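Below: the structure, in structure tokens.
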Amino acid sequence: MNNDNIFNTNNITFLKEKKGEKYLSEFLNKGIEQIKIAIEQIREDEDKKDIEQIKFKLHKLKGSTSLFGAKNMSEYCAEAQKNPESEINIADIILEDKFNIVLTELKNLEYIK
């Protein structure tokens, strides 16, 4: 997969230029923690088969991941939100296939440690 499809650095570059590295680091670390929490909440909702909460949390997660340029993850959330019943283990897919790729890309770009 092309890195451009995984991650769009425009928002991060903008924040770094306007707010500085310290702000960017805090922003990214806070966002990463919020995404981890959202994934765990989706997993819990999947266990309860609470489709409406899954849709709601996927919508929030789509926005959060879009803010810091995680294009692939944001796009997946948008698709899964349309019909979460057809997806199996959404949280695991997001966590294993999407979120870890985003973390790796952030580390490769040296935005996080």
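The values are calculated or read from the model by the stated rules, or taken from the named source; none is laboratory data. Predicted model, so just to flag it, every value in this text is computed and none were measured. Cβ sites come from the backbone with ideal geometry, for glycine too, and all protein chains shown count toward neighbours. What goes into the accessible areas is simple: the full protein's heavy atoms, side chains included, and nothing from ligands, DNA or RNA. Shrake-Rupley method; radii C 1.70, N 1.55, O 1.52, S 1.80 Å.
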Would any residue of the stretch 68-109 have its amide N under 16 Å from a label point 7 Å out along Cα→Cβ of HIS59? List them or say none.
77-85
Filtered pair list for the stretch 23-65 (Lys only, Cα < 16 Å, 8 or more apart or interchain) has a length of 7
How big is D for the stretch 1-63, in µm² s⁻¹ as a whole number, if Stokes-Einstein is applied with the Kirkwood radius of its Cα pairs at 4 °C and 1.567 mPa s?
96
Most mobile of ILE35, ILE90, ILE51 in a GNM of the chain (Cα contacts under 10 Å):
ILE51
Accessible area per residue of the chain at 1.4 Å probe, in Å²?
62
With Cα coordinates, the longest principal axis of the chain makes an angle with the long axis of helix 51-67, in degrees rounded to 10, of 10
Zone residues, the stretch 21-60, relative to ASN89, backbone N less than 17 Å from point 7 Å out along Cα-to-Cβ
39-49
What angle do you read, to the nearest 10 degrees and between 0 and 90, between the alpha-carbon axis of helix 71-82 and the longest principal axis of the chain?
20
At R0 = 25 Å, how high is the FRET efficiency between LYS49 and ALA78 if r is their beta carbon distance? Nearest 0.05 is fine.
0.70
Considering only C-alpha atoms, what is the centroid distance from the stretch 13-38 to the stretch 69-110, in Å?
18
For mean projected area of the Cα convex hull in nm², the listed values are [x] 6.6; [y] 7.6; [z] 11.9; which was obtained by calculation from the structure presented?
[x]
Give me the dipole magnitude in Debye, nearest 20, for the chain about the Cα centre, with unit charges on the beta carbon: positive for Lys and Arg, negative for Asp and Glu.
540
Is it possible to state the helix-based mean residue ellipticity at 222 nm for the chain, with each DSSP H run of 4+ residues giving -39500 (n - 2.57), the sum divided by total residues, to the nearest 500 deg cm²/dmol? What is it?
-23000 deg cm²/dmol
Using Cα pairs under 8 angstrom and six or more residues apart, how large is the relative contact order of the chain, in percent?
33
